[in-house]
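None of the figures in this text is laboratory data; all of them are computed from the coordinates on show. What you see is a predicted model, and the numbers here were worked out from it, not measured in a lab. Positions of Cβ are backbone-derived with ideal geometry, glycine not excepted, and every protein chain shown enters the neighbour counts.
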Amino acid sequence: MEALFNWLNGIIWSNALIALCLGAGLWFTLRTRVMQVRGFAEMCRLTVTGQKSDAGVSSFQALAISMAGRMGIGNIAGVATAIAYGGPGAVFWMWVMGFLGASTSYIECTLAQIYKEKDAEGRYRGGPAYYIEKAMGLKWYAVTFAVATVIATGLLLPGVQANAIADSASNVLCGAGACDAVGGAGALKLWIGLGVAAVLALIIFGGIKRIATFAEVVVPFMALAFILMAVIVMIANAGKVPAMFADIFSSAFGAHAAFGAIIGQAIAWGVKRGIYANEAGQGTGPHAAAAAEVSHPAKQGYVQAFAIYFDTMLVCTSTAFLLLSTGMYNTFRTVTENGKDTLVEIFSGVPGLQPSEGAQFTQAAVESVLPGWGAGFVALALFFFAFTTIMAYYYMAETNLTYLAGVKKTHPLATLLLRLGIVGMVVFGAYHNAAMAWTLGDIGVGLMAWLNVIAILILQKPALIALRDYERQKKLGLDPVFDPEALGIRNAHFWKKQA
């Protein structure tokens with residue numbers, strides 16, 4: 001079974017998907033006239049404005065929900081994995097993906113706002129399935145995305161986050177003798193999984209409002225605390241910072257003596273983990289974006305573009321600097337002999353750790369500067385990062401379940417099964433091995449990315465029209481409002497009623 005999943009993952013994450021995501025980001029950057037630079041001040045302003053309603057959440061709450069989905073283990077463990085396979089140069093390509101991904105996020109999230117609707121309970125719902133059906137008219141394509149997303153976010157991806165929580169927590173607790181007390185590391189991970197599942201159930205059974213409230217409080221706090229920790233470690237290793245930057249840029253372009261030979265791995269893993277971390281193009285961010293109460297779709301597009309900057313340029317970069325400035329990372333080169341791939345270490349900062357054990361690299365990095373409690377801090381940070389991501393995954397899965405129900409209210413049994421399924425996968429993921437968890441997660445992310453990026457490349461026009469309309473109204477000194485019929489945008493039924 002593991003060999004089958006690895007084979008499937010290799011097909012999904014071929015060079016074609018890497019090229020598609022990079023190409024789409026570059027194309028949208030050009031088509032939006034580099035809005036992620038021109039509109040940076042507007043992004044920041046809109047992030048802290050806006051109102052919520054009975055039907056929707058505020059722009060900041062929508063940002064917090066989407067950031068909860070973006071800021072998971074990809075920001076801590078995933079960065080370490082990218083460096084393990086691609087060397088320091090992978091960090092540069094993560095930056096490239098983050099910069100280009102901001103325009104991709106604008107497109108997909110603005111489309112989600114344009115084609116959102118109210119469900120049977122009067123709440124805003126939207127996302128790729130909704131805009132694929134309304135703008136493309138391809139119901140089968142929309143249903144395919146919805147089913148893939150329910151499976152990916154409801155079953156495959158939560159296990160990756162839970163596994164990282166269990167691994168990092170057991171790494172700390174076993175050192176304190178907890179493993180012996182409960183019968184070994186496996187038993188401890190199982191108990192951790194059960195505990196996380198219980199807390200998750202308390203929140204997701206409360207619905208979107210409880211998720212939004214929890215996210216807007218926890219997400220900013222956990223992100224800023226982690227960034228502050230990275231700054232402290234950087235200051236403590238200030239003398240190594242120039243060499244760190246030199247390694248990043250030289251290995252990104254194949255000029256580094258040790259890492260230059262793996263430039264292909266640097267690009268592939270930088271883009272791959274960049275997508276995994278910031279989720280631009282993956283189709284997850286639009287679900288939260290559609291839930292926002294705004295007067296113009298482009299407003300939430302701007303806010304979600306800012307989310308990519310915050311996620312990649314601040315949080316992911318903080319992890320990368322933690323690892324590279326302390327030297328607490330391993331990098332491997334893949335060698336193929338007799339048809340079999342073997343990993344050969346070309347840099348060993350933490351002997352014995354494998355690429356799939358990414359969180360432990362970050363723990364070792366902080367521990368090297370703050371011995372005695374660094375590993376515990378990372379375990380706590382990773383818990384909040386991963387837990388809020390699982391929570392956001394549930395919301396995405398529930399939204400697509402609502403889409404599949406159509407105009408009817410989602411059957412209570414279907415909702416219950418989804419909730420039980422994601423809770424069960426948290427326990428399973430916590431107990432299972434990390435390599436398998438990552439493989440399943442990669443399959444889920446890749447499937448959604450293929451379906452969504454192709455869709456938004458076809459459907460980009462309404463989002464670009466909305467951007468021009470927003471900028472025009474801003475120049476006139478107005479608070480922009482949206483009238484789809486005046487702009488020639490069809491099937492935006494919610495906004496047609498508002499106009």
Would you work out which of H493, L17, N452 lies farthest towards the positive end of the dipole of the range 2-498? Charges go on Cβ: Lys and Arg +1, Asp and Glu -1.
H493
Sticking with the crude label model, points 7 Å out along Cα→Cβ, report the distance from F205 to K461 in nm, one decimal please.
4.9
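I need the peptides 382-390, 474-482 ranked by packing, meaning the mean over residues of other C-beta atoms within 10 angstrom, with the highest value on top. Walk me through the numbers on the way to the answer.
On the way: 382-390: 25.8, 474-482: 12.6.
Most protected by this proxy first, the peptides run 382-390, 474-482.
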Using a 7 Å offset from the Cα along the Cα-to-Cβ direction at both S295 and C44, what is the distance between the two label points in nm, to one decimal?
2.3
Lys/Arg +1, Asp/Glu -1 at C-beta; the chain dipole; positive extreme among Y403, A198, H296
H296
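Compute the length gained on full extension between L413 and K139: take 0.36 nm times their separation in residues and subtract their Cα-Cα distance, giving the result in nm to one decimal.
On the way: separation 274, 0.36 × 274 = 98.64 nm, distance 2.41 nm.
Full-extension gain reported as 96.2 nm.
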Using the Kirkwood formula on the Cα atoms of the range 365-499, what hydrodynamic radius do you get, in angstrom to one decimal?
19.7
Greater than 22 Å separation of Cα atoms is the criterion. Which listed pairs, K134/K461; K139/K409; K139/K299, meet it?
K139/K299
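Using only Cα atoms, what Kirkwood radius does the range 2-498 have, in angstroms?
When all Cα pairs of the range 2-498 are included, the Kirkwood radius is 22.5 Å.
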Given unit charges at Cβ for Lys, Arg (+) and Asp, Glu (-), the dipole magnitude of the range 283-400 about its Cα centre in debye, nearest 20, is 160
Cross-link candidates for K340: which aspartates and glutamates have Cα within less than 12 Å, leaving aside residues fewer than 8 places away along the same chain?
none
Reachable aspartates and glutamates from K116, criterion Cα separation under 13 angstrom, eight or more residues apart if same chain
E108, E133, E293
Testing the spin-label approximation: label points 7 Å from Cα along Cα→Cβ at E337 and L30. State their distance in nm.
4.5
Evaluate the charge dipole of the range 340-499 about its Cα centre and quote only its size in Debye, nearest 20, assuming +1 on the Cβ of each Lys and Arg and -1 on the Cβ of each Asp and Glu.
880
Using Cα atoms only, what is the angle between the long axis of helix 263-278 and the major principal axis of the chain, expressed in degrees (0 to 90) to the nearest 10?
50
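How do F221, F494 line up, fewest other C-beta atoms within 10 Å first? Intermediate results must be reported in sequence, preceding the final value.
Details: F221 11, F494 19.
Final ranking by Cβ density, sparse to dense: F221, F494.
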Dipole size in debye (nearest 20) for the range 2-498 around its Cα centre, Lys and Arg Cβ +1, Asp and Glu Cβ -1?
1420
Unit-weight point scatterers at every alpha-carbon of the range 421-499, Debye formula, q = 0.11, 0.12, 0.18, 0.25 1/Å: log10 I(q)/I(0) is -0.57, -0.62, -0.81, -1.17
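Which of the three applies to the range 415-458, rounded, prolate or oblate, going by the alpha-carbon gyration tensor with a ≥ b ≥ c and a/c under 1.5 meaning rounded? Don't jump to the answer; show the numbers that get you there.
Values: a/c = 6.17, a/b = 1.58, b/c = 3.90.
Oblate.
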